[in-house]
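The values are calculated or read from the model by the stated rules, or taken from the named source; none is laboratory data. What you are looking at is a predicted structure, and each value in this text was computed from that prediction instead of being measured. Backbone-built Cβ (ideal geometry, glycine too); neighbour counts: all protein chains shown. What goes into the accessible areas is simple: the full protein's heavy atoms, side chains included, and nothing from ligands, DNA or RNA. Shrake-Rupley method; radii C 1.70, N 1.55, O 1.52, S 1.80 Å.
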Amino acid sequence: MSPLLILLIGILIVVGIIVFLRLGAFIALLTAAVVVSLLAPGDWVDKIPRMATAFGNTAGAIGLVIAAATIIGRCLLLSGGADRIVSSTLKLFGQEKGGLALMSSGFILSVPVFFDTVFYLLVPLAQSMYRQTGKNYVRFLVAIAAGAVITHTLVPPTPGPLFMADALNVDMTTMILIGGIIGFPCALIGLGYAYWIDGKIKISPERLTEFLPKAKEEDSPPPSLFASLLPIALPVLLISGVTFGGRFLGEDYSSPFWTIMLELGDKNVAMLLAAVAAIIVYVRQKRPSFDDLSHEIQLSLSSGSVIILITAAGGSFGAMLKTADVGTAVQQLFSAEAASQGLFLMAIGYGLAFLLKIAQGSGTVAMMAASSMIAALIPPGDAMGIHPVYLALSIGFGSLGISWMNDSGFWVFSQMGGLTEWEAIKTWTALLAILSVAGFLMTIGLAIVLPNAF
């Protein structure tokens, strides 16, 4: 069977199961992986085992990182560390720059905490600030989304960017740093849109009902800002320390220093140490019983296990596309020179993710599917001419795309924010479309100016 037809069948299975059967991303990606493997060349006896092996390989590559990230995020919320980061940001920028403070808080918190949780955490603050000032509610709401959605899309260890980094062979340090370098200016563009749209939509105080329960009175102060930021900063420092140390200071792998640094800078070790730090902060602040601590960790791992399964299924789907030789078939549609050019692949990746986002709604699934396809197209060696991190970021910005009623994020934003569907389209949908286009253009510009990243 033609590899392009196999690719089309795989995409239709993913979109069809998610959109029409509503069985979820895991079933959709796993089914697509099985079907693609059955249709791809090879002995029948090997077709299911090779799919299962690819599933296990992906789970092994990202499982510990995602599990640790879920623990970090939950402990950050339970210890009061997230609240400390928000309050410190508000104190830094002041009440009059509440939009910038909320955008920055969302940008930081969405690194270890998933978008919907960050939004859940910050929306009451936006509502409280609106009740105090009587203005700028839409600005606050859109500012939160602008900051949180960017790091959720571009910066590991959230599952989408983590999967893209693994699939496209991008080291974590480069993914985090380049994602942040491009992401923050994009978030500022989103903040600019928040200021503009705030004057176009008027929300009366009567419309703001209590969407969330009131916060309980705390019997202990929140942790220090240093302790709150430590679980976020620690893995970044450890992983980047190895990368930049080896690049600029030279590598002597025989020395005890480098042996220790290489061990601590491994992404799995670094994230586990950060998880331990988050647990310690939580225990010191709240003094939970052993049973309570165990219960909270189990809840974290339960939510993380679903994400690991979805990500592993996406990796299996991508591996089977490679087995089907989809890359060669796509390259034959274009000239050999064009098909191997980095900017061309960036455009293809962006377009694929954009279309997949519109079709099935999930940005994470769009990132996984598109990066799996693009990974099959990457030429060997340095023929592409750019660092693969730019492919990952292009796909990430494409996955923002057009978010509408089939995207859970659309409903999280509208229902928790107290907006009508039409107001959500003018705010959330428009915001993500602006971030998508602006971010992709910025990524192209940086790829031209700095093709090798660092």
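Can you tell me which residue in segment 344-403 is surrounded by the fewest Cβ atoms within 10 Å (Cβ to Cβ), limited to those that are within 16 Å of the chain's Cα centre (by Cα) and outside any helix (DSSP H, G or I)?
Once the filter is applied, the top-ranked residue is Gly361.
So which of Arg74, Arg84 is within 20 Å of His152 (Cβ to Cβ), open to solvent by 30 Å² or more (accessible area, probe 1.4 Å) and in contact with a helix residue (DSSP H, G or I) (Cβ under 7 Å, 6 or more places away or on another chain)?
Answer to the selection: Arg74.
In this structure, does Gly99 turn out to be modelled with pLDDT of 80 or more, in a helix (DSSP H, G or I) and in contact with a Lys or Arg (Cβ under 7 Å, 6 or more places away or on another chain)? Show your work before the answer.
Working: modelled with pLDDT of 80 or more: yes; in a helix (DSSP H, G or I): yes; in contact with a Lys or Arg (Cβ under 7 Å, 6 or more places away or on another chain): yes.
Spelling it out, Gly99 is indeed modelled with pLDDT of 80 or more, in a helix (DSSP H, G or I) and in contact with a Lys or Arg (Cβ under 7 Å, 6 or more places away or on another chain).
Is there any pair linking a residue in segment 16-38 that is more than 18 Å from Thr311 (Cα to Cα) and assigned to a helix (DSSP H, G or I) to one that is among the small types (Gly, Ala, Ser) and open to solvent by 30 Å² or more (accessible area, probe 1.4 Å), with Cβ under 8 Å and at least six apart or on different chains, and which?
These pairs meet every condition: Val19/Ala359.
Yes or no, residue by residue, for (1) open to solvent by less than 70 Å² (accessible area, probe 1.4 Å); (2) of a type in the set (Ser, Thr, Tyr); (3) at pLDDT below 95:
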{"position": "Gln127", "(1), (2), (3)": "yes, no, yes"}
{"position": "Gly134", "(1), (2), (3)": "yes, no, yes"}
{"position": "Tyr137", "(1), (2), (3)": "yes, yes, yes"}
{"position": "Pro156", "(1), (2), (3)": "yes, no, yes"}
{"position": "Pro159", "(1), (2), (3)": "yes, no, yes"}
{"position": "Phe163", "(1), (2), (3)": "yes, no, yes"}
{"position": "Asn169", "(1), (2), (3)": "no, no, yes"}
{"position": "Ile178", "(1), (2), (3)": "yes, no, yes"}
{"position": "Lys202", "(1), (2), (3)": "no, no, yes"}
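Determine if segment 63-81 includes at least one residue that is assigned to a helix (DSSP H, G or I), of a type in the set (D, E, K, R) and closer than 17 Å to Gly304 by Cα.
Yes: one or more hits.
Which ones in segment 261-274 are within 20 Å of the chain's Cα centre (by Cα), under 18 Å from Gly60 (Cα atoms) and either among the hydrophobic types (A, V, I, L, M, F, W, C) or open to solvent by less than 40 Å² (accessible area, probe 1.4 Å) (or both)?
Asn268, Ala270, Met271, Leu272
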